[in-house]
Amino acid sequence: MDIPNSVSGIDAAWLNHALEQSGTEHPGVQSVTATPMPGIVGALGEVGIVDIAWGGPTDLPTSMVAKCPLDDDIARLYNSVMQNYIREAGFYRDLAHRVPMRVPKCFVNAEADDKSAHMLLIEKIDGADGDIFDGASLETMAELVGKMATMHGQFWMSDDLLNIDWMLDWQTESLKLGIPITQESWAAFQAAEPTVYPADVVAFCEGSWINDTEYWLDAYANRPWTFTHIDFELDNMIHTADETVVLDWQTCLRSFPGVDLAWLLATSASDELVAREDELLDHYRATLLASGGPNWSHDKVVEELAWGTLYPVACQPVPNMADTSAYGANGERMKARFRAFLDRSLVAAQRWDLVGHCSPHLRS
């Protein structure tokens with residue numbers, strides 16, 4: 001059966017078929033009601049709640065979260081570049097059971113043979129949504145940094161990652177299709193707001209990621225690598241009474257670990273967390289080593305952070321120049337998040353001395 005191109009297209013017949021294909025025992029689906037996820041608006045994908053009436057007793061939940069790509073040309077373009085749904089389907093198929101953190105259980109992982117259509121049905125988790133504007137306590141951040149470091153250590157330079165056909169790295173050809181988008185958005189943002197970026201950061205970004213992108217993609221790919229989430233930030237988490245659940249594995253990548261740690265610390269940076277950042281870095285270093293990773297010094301981790309913040313600093317103009325007006329009130333929050341990501345990444349770039357650490361690698 002064809003995979004529905006929207007969450008609203010899920011019906012009882014398709015869900016019965018999809019569950020059978022996944023090998024899930026169930027008493028039959030009598031009816032399905034699909035509704036949009038409250039407060040969630042994706043630029044590239046659709047997220048909804050699927051309420052299910054079962055034909056008999058079962059331990060399966062009566063509500064699941066459904067995810068699929070948006071059925072429009074712009075979303076298809078960006079998804080062809082980033083391969084987000086290919087990555088998330090692969091993650092739930094091959095790696096979800098191996099990461100050392102709580103992730104939603106997957107019930108249906110439907111993917112067309114040509115990768116043109118996807119539908120995920122995953123566990124609906126009750127808890128408090130993470131929020132970059134609310135921030136997180138030091139205790140929560142230490143939990144997240146520790147889980148991240150454990151994952152990085154367990155997958156450190158693992159041959160397993162080289163043998164996964166859907167696993168992208170920074171040299172994946174499709175990523176190069178995004179270079180013109182990044183360059184155009186950068187130019188438009190600098191013209192519209194020429195004083196937001198410090199002059200030295202502008203000069204460095206234009207001499208590196210913006211105008212010498214393929215060289216810097218190679219430089220990123222050639223750093224010691226592991227398995228990374230890439231979008232490891234508070235809005236992609238749910239806090240339950242017992243633990244934090246990590247969502248949205250669409251951007252997972254074989255990459256150097258600084259991209260994960262830099263993004264989490266930059267986007268979550270309250271005054272308290274910045275003041276105690278060294279404690280979090282020491283926790284990361286110790287857990288990374290204990291989990292199979294390298295024995296890094298404090299200075300080495302800061303260098304990783306500097307390298308890791310180049311990508312968001314150079315690329316945040318892309319979402320910030322996007323038109324979110326069609327999303328109404330949710331679009332306003334989306335826009336505010338994008339701007340917070342940009343502003344906080346710039347502050348972090350100064351704190352970790354992005355220009356000082358990375359300028360020696362510029363090509364003359």
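The angle between the Cα long axis of helix 258-267 and the main principal axis of the chain comes to about 90°, on a 0 to 90 degree scale. Computed per residue of the chain from DSSP H runs no shorter than four, each worth -39500 (n - 2.57), the mean residue ellipticity at 222 nm is -13500 deg cm²/dmol. Among the lysines of the chain, pairs that are 8 or more positions apart or on different chains and have alpha carbons within less than 21 Å of each other number 7. Think of segment 128-361 as having a plus end and a minus end, set by charges on the Cβ of Lys, Arg, Asp and Glu; of A128, I238, C205, C205 sits farthest toward the positive end of this dipole. A cut-off of 5 Å between modelled amide H atoms, ignoring neighbours fewer than 5 places along the same chain, links W54 with Q30. When the Gaussian network model of the chain links Cα atoms closer than 10 Å, the mean-square fluctuations of V81, V145, V196 top out at V196.
Take every Cα pair under 8 Å in segment 128-361 that's 6+ residues apart, average their separations, divide by the length, and report that relative contact order as a whole percent. Kindly include the intermediate steps, with their values, before the conclusion.
Values: 307 pairs, mean separation 67.2, N = 234.
That works out to 29 percent.
Applied to segment 277-283, the Karplus parametrisation 6.51 cos²θ - 1.76 cosθ + 1.60 on θ = phi - 60° returns per-residue 3J(HN,Hα) values of 4, 4, 5, 5, 5, 5, 5 Hz, with x for Gly and Pro. Computed over segment 128-361, the convex hull of the alpha-carbon atoms projects to a mean area of 13.0 nm².
Ignoring solvent entirely, what values of log10 I(q)/I(0) come out of the Debye formula for segment 7-123 at 0.10 Å⁻¹ when each Cα is a single scatterer? Values, matching the q order: -0.30.
Where a number appears in this text, it was derived from the coordinates with a stated rule and is not lab data. Keep in mind that what you see is a predicted model, and the values were worked out from it rather than measured. Positions of Cβ are backbone-derived with ideal geometry, glycine not excepted, and every protein chain shown enters the neighbour counts.
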